[in-house]
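What follows is one structure encoded as structure tokens, with my remarks underneath.
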Amino acid sequence: MKKYIKLVFVLAFGIVFSMSSCSKEVSLQKYFVTKSAEEGFMSVTIPSSILQFKEGEDTDSNTAALKSFQRLNVLIFKKDENSVINEKQELETINSIISNTKYKELMSVNIKGQEGTLVYSGADDNINEVVGYGHSDEGFILVRLTGKGMNVKQLAKLVSSIDFDKSNLDDLKNLNIN
């Protein structure tokens with residue numbers, strides 16, 4: 001009887017341990033955090049507090065849309081002849097993440113060697129995350145917009161009515177993105 005109890009305990013421990021170590025799937029958040037610390041990548045996070053409306057555009061629907069927006073994360077990789085980063089492997093990782101079933105494709109483009117994809121997660125009227133990804137011979141960019149309760153129509157209208165608060169952009173002036 002004691003052998004069976006030990007066997008059940010060992011099997012239960014093994015199952016719990018294997019389940020916790022099986023989660024090797026890379027999330028977009030983990031990818032941003034990891035790559036933003038690596039040489040060769042540039043990362044910028046823009047909080048919603050930096051945004052303001054153009055004059056006359058501060059309607060109730062725009063205000064509600066802005067409140068649903070939390071932050072914008074941008075990750076840029078620019079090719080460099082001295083780079084040790086395997087761009088092909090990075091692109092495969094990004095494609096693997098955004099082809100996850102949680103994301104729905106909004107659009108995909110391929111123009112003269114420049115490819116891009118726009119995906120989102122959540123329902124059309126309750127979007128949690130919008131991800132834009134593009135690459136060319138020069139490198140790639142990955143953009144992630146997070147929020148709660150965003151919707152496609154509000155986001156489109158919001159983009160046209162937002163004006164950056166230039167006083168909060170002073171820290172970005174010295175960035176060399178060339």
- request: Could you list all residues from region 85-125 that are in contact with a Lys or Arg (Cβ under 8 Å, 6 or more places away or on another chain) and surrounded by fewer than 19 Cβ atoms within 10 Å (Cβ to Cβ)?
  value: Glu87, Ser121
Selection within region 146-159 - basic (Lys, Arg) and part of a strand (DSSP E or B): Lys148
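For region 94-127, which positions are assigned to a loop (DSSP other than H, G, I, E, B) and within 22 Å of Ser43 (Cβ to Cβ)? Before the answer, list the steps.
Keep residues of region 94-127 that are assigned to a loop (DSSP other than H, G, I, E, B), which gives 99-102, 112-113, 124-125.
Matches in region 94-127: Asn100 only.
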- prompt: For the subset of region 105-131 comprising residues that are among the charged types (D, E, K, R) and farther than 16 Å from Lys153 by Cβ, which member is modelled with the lowest pLDDT?
  reply: Lys112
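Would you point out which residue out of Val143, Val130 is in contact (Cβ under 8 Å) with a residue 12 or more places away in the chain, buried (at least 19 other Cβ atoms within 10 Å of the Cβ) and either in a strand (DSSP E or B) or among the acidic types (Asp, Glu) (or both)? Steps first, answer last, please.
Values: Val143 fails: buried (at least 19 other Cβ atoms within 10 Å of the Cβ).
The unique qualifying residue is Val130.
Could you list, in sequence order, all residues of region 70-94 that are in contact (Cβ under 8 Å) with a residue 24 or more places away in the chain and of a type in the set (S, T, N, Q)? So that I can check it myself, show each step before the final result.
Residues of region 70-94 in contact (Cβ under 8 Å) with a residue 24 or more places away in the chain: 70-80, 83-85, 87, 90-91, 93-94.
The answer is Gln70, Asn73, Ser83, Thr93.
Among the candidates Val84, Val159, which residue alone is aliphatic (A, V, I, L, M), within 21 Å of Ser36 (Cα to Cα) and at pLDDT below 85?
Working: Val159 fails: within 21 Å of Ser36 (Cα to Cα).
Of the residues listed, the single one that is aliphatic (A, V, I, L, M), within 21 Å of Ser36 (Cα to Cα) and at pLDDT below 85 is Val84.
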message: Under 6 Å between Cβ atoms, which residue pairs at least 6 apart in sequence (or on different chains) link something in region 35-53 that is over 18 Å from Asn82 (Cα atoms) with a partner that is at pLDDT 85 or above and of a type in the set (A, V, I, L, M, F, W, C)?
response: Ser43/Leu75; Val44/Val74; Ile46/Leu72
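When the residues of region 67-81 are narrowed to those that are farther than 16 Å from Ser36 by Cβ and under 18 Å from the mean Cα position of the chain (by Cα), which ends up surrounded by the most Cβ atoms within 10 Å (Cβ to Cβ)? Don't jump to the end; show me each part of the working.
Pass one, region 67-81, residues farther than 16 Å from Ser36 by Cβ: 67-70, 79-81.
Now drop any that are not under 18 Å from the mean Cα position of the chain (by Cα), which leaves 68-70.
Numbers: Ser68: 19, Phe69: 21, Gln70: 14.
In this case the residue turns out to be Phe69.
The values are calculated or read from the model by the stated rules, or taken from the named source; none is laboratory data. For clarity, every value in this text was computed on a predicted model and none was experimentally measured. Counting neighbours? That spans all protein chains shown, and the Cβs are built from the backbone with ideal geometry, glycine included.
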